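Everything below concerns the one structure shown next.
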Amino acid sequence: MKIFFKLFISVVVILCISLSTFGYFLIINSFQNTVQREVSQTLEQFELIKFSIKSNVSTLETRNEIVLTNVIKNAINVNIYTNLIGIYSSNKEKITSSFPENLEIIENLEKVQTSCIVYEIKKNGDKYILITSGYLKEDKEPIYLIIGKDITKIITEYEQMKKTYMFIYYFIAQISIIIVLILTLLIITPIKKVNDLAKKIADGDYKSRIKITSNDELGELGKSFNSMTEAIEKSFEQIKQNSVQKEEFVANFAHELKTPLTSIIGYSDMICSKNLKQEQAKEAAQYILNEGMRLESLSQKLMNLIMLNCQKFVFEKLSVTQIFQDITQTIKPMLDKNNIILNSKIEERDILVEYDLFKTLILNIIDNSRKANATKIFITGKRILENYEIIISDNGCGIPENDLNRITEAFFIVDKSRAQKQYSAGIGLALAEKIVKLHKGTLKFESELEKGTKVIITL
């Protein structure tokens with residue numbers, strides 16, 4: 001059974017039970033209170049009539065029907081509240097009575113004891129009579145006194161009250177069912193929307209969203225579901241992008257291997273199968289050497305990239321000026337060979353780094369500047385609150401704006417012709433980005449074609 005029917009039926013059943021229970025106890029309580037008042041009044045009248053009859057009968061010498069009838073008439077005249085009176089002898093034989101002949105009242109006398117008064121409601125035709133019976137004790141001969149009161153009006157009002165309440169009950173029940181139906185639909189509709197959206201997501205539609213129309217718990221559910229859908233969409237796009245990147249990585253890796261291997265195989269075959277002159281053999285060997293060096297560079301960088309994901313590193317506080325002095329000494333031969341001028345302005349501070357990784361990071365960025373035909377490289381380091389910022393800028397050829405967000409992808413190369421000449425496989429900046437992430441820092445690039453590139457590292 002669907003939740004709509006469960007909720008609707010449950011509320012309707014609870015409402016009907018509540019209304020019927022409330023009405024039952026209300027009507028029964030009202031009727032019982034009214035009857036109880038009548039009984040109390042009847043008992044008072046019984047005592048008055050009993051006293052009147054007792055005082056008159058005790059002075060009588062004889063007790064025949066005529067005499068007792070006169071006594072009863074006098075009692076009725078005194079107590080007009082009750083007009084049905086009967087007197088019975090101790091052996092339950094009628095002495096006199098104003099009760100209808102078809103009304104069985106002898107059985108009431110069976111319940112009377114000498115010390116109690118009993119009452120009972122009996123129906124006579126279309127009338128209801130409250131009969132009160134008691135024992136009238138005397139020295140001569142004890143007698144039974146029975147008085148009756150017509151309470152048909154009370155019973156009629158009770159029946160009418162039940163009919164009126166049943167009408168009100170059905171009317172309220174119908175209105176309530178309509179209201180419950182509307183409220184149930186209002187509650188279920190957002191849940192149904194969530195269910196429909198979940199089906200769409202299962203079918204691959206990550207663009208759909210729930211329209212939020214309220215600020216209650218259901219509205220919050222819709223917001224949470226929309227947030228979840230956005231997160232799923234982003235995750236899916238990320239997975240999709242990662243899949244594409246992996247495919248590109250494999251394709252680029254295969255290409256990077258194929259190109260030098262083709263050259264190596266070709267020139268090797270040429271040396272083996274042909275009688276080459278010394279200069280031709282030397283030239284072929286030089287090609288083989290160059291492509292071999294390219295493969296060595298590629299394998300080294302790939303090894304470093306893989307090792308970063310599975311190796312644990314120890315970080316320590318080191319002087320930033322001392323680190324850059326060591327780096328400058330390492331790259332000086334390369335800078336001199338390529339006629340590159342290096343200027344640095346480093347503000348002293350201890351930074352938390354893994355020395356070898358940090359040195360690799362800086363060397364890769366400077367090497368990229370060299371490959372971009374830079375003639376000047378500027379390095380600055382300064383404190384910014386709790387962070388330390390390192391900026392490496394050059395006057396090289398720069399990077400197109402459209403390529404800036406992809407330069408840290410493995411095997412992505414901006415200028416492939418230049419990269420091939422310099423044994424570049426496009427792994428250096430991918431390695432740099434991983435190193436910065438291991439240091440819990442950020443890496444940012446700014447570049448303009450023919451003007452140079454700026455790399456900002458924040459630790």
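The values are calculated or read from the model by the stated rules, or taken from the named source; none is laboratory data. On a predicted model such as this, the values are computed, not experimentally measured, just so you know. Cβ: placed from backbone, ideal geometry, glycine included. Neighbour counts: every protein chain shown. All accessible areas refer to the heavy atoms of the entire protein, side chains included, with ligands and DNA or RNA removed. Shrake-Rupley method; radii C 1.70, N 1.55, O 1.52, S 1.80 Å.
Given the options Thr360, Thr375, name the one that is at pLDDT 90 or above and open to solvent by 40 Å² or more (accessible area, probe 1.4 Å). Before the answer, list the steps.
Working: Thr360 fails: at pLDDT 90 or above.
It is Thr375.
Among the candidates Asn405, Asn368, which residue alone is open to solvent by 50 Å² or more (accessible area, probe 1.4 Å), under 17 Å from Leu449 (Cβ atoms), of a type in the set (S, T, N, Q) and modelled with pLDDT under 85?
Values: Asn368 fails: modelled with pLDDT under 85.
Exactly one residue qualifies, and that residue is Asn405.
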Among residues belonging to segment 201-216 that are closer than 14 Å to Thr189 by Cβ and without any contact (Cβ under 8 Å) to a residue 24 or more places away in the chain, point out the one that is surrounded by the fewest Cβ atoms within 10 Å (Cβ to Cβ). Lys211
Applying the selection to segment 153-165, what residues are touching a residue at least 24 places away in the same chain (Cβ under 8 Å) and either over 19 Å from Phe22 (Cα atoms) or among the aliphatic types (A, V, I, L, M) (or both)? Ile154, Ile155, Met161
Can you tell me which residues in segment 277-328 are of a type in the set (Phe, Trp, Tyr) and either modelled with pLDDT of 90 or more or assigned to a helix (DSSP H, G or I) (or both)? Tyr287, Phe324
Taking segment 37-47 and keeping only residues that are open to solvent by 60 Å² or more (accessible area, probe 1.4 Å) and either at pLDDT 85 or above or of a type in the set (Gly, Ala, Ser) (or both), one is left with Arg37
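Checking the conditions here, which among Lys345, Lys332 is open to solvent by 60 Å² or more (accessible area, probe 1.4 Å), modelled with pLDDT of 85 or more and in a helix (DSSP H, G or I)? Before you say what the answer is, go through the steps one by one.
On the way: Lys345 fails: in a helix (DSSP H, G or I).
Exactly one of Lys345, Lys332 is open to solvent by 60 Å² or more (accessible area, probe 1.4 Å), modelled with pLDDT of 85 or more and in a helix (DSSP H, G or I), namely Lys332.
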So the check is Cβ under 7 Å with 6+ separation or different chains; which pairs have a first residue in segment 169-191 that's in contact (Cβ under 8 Å) with a residue 60 or more places away in the chain and under 22 Å from Leu26 (Cβ atoms) and a second one that's in a helix (DSSP H, G or I) and open to solvent by less than 90 Å² (accessible area, probe 1.4 Å)? Tyr169/Leu19; Tyr169/Ser20; Tyr169/Gly23; Ile172/Leu19; Ala173/Cys16; Ala173/Leu19; Ser176/Leu15; Ile177/Val12
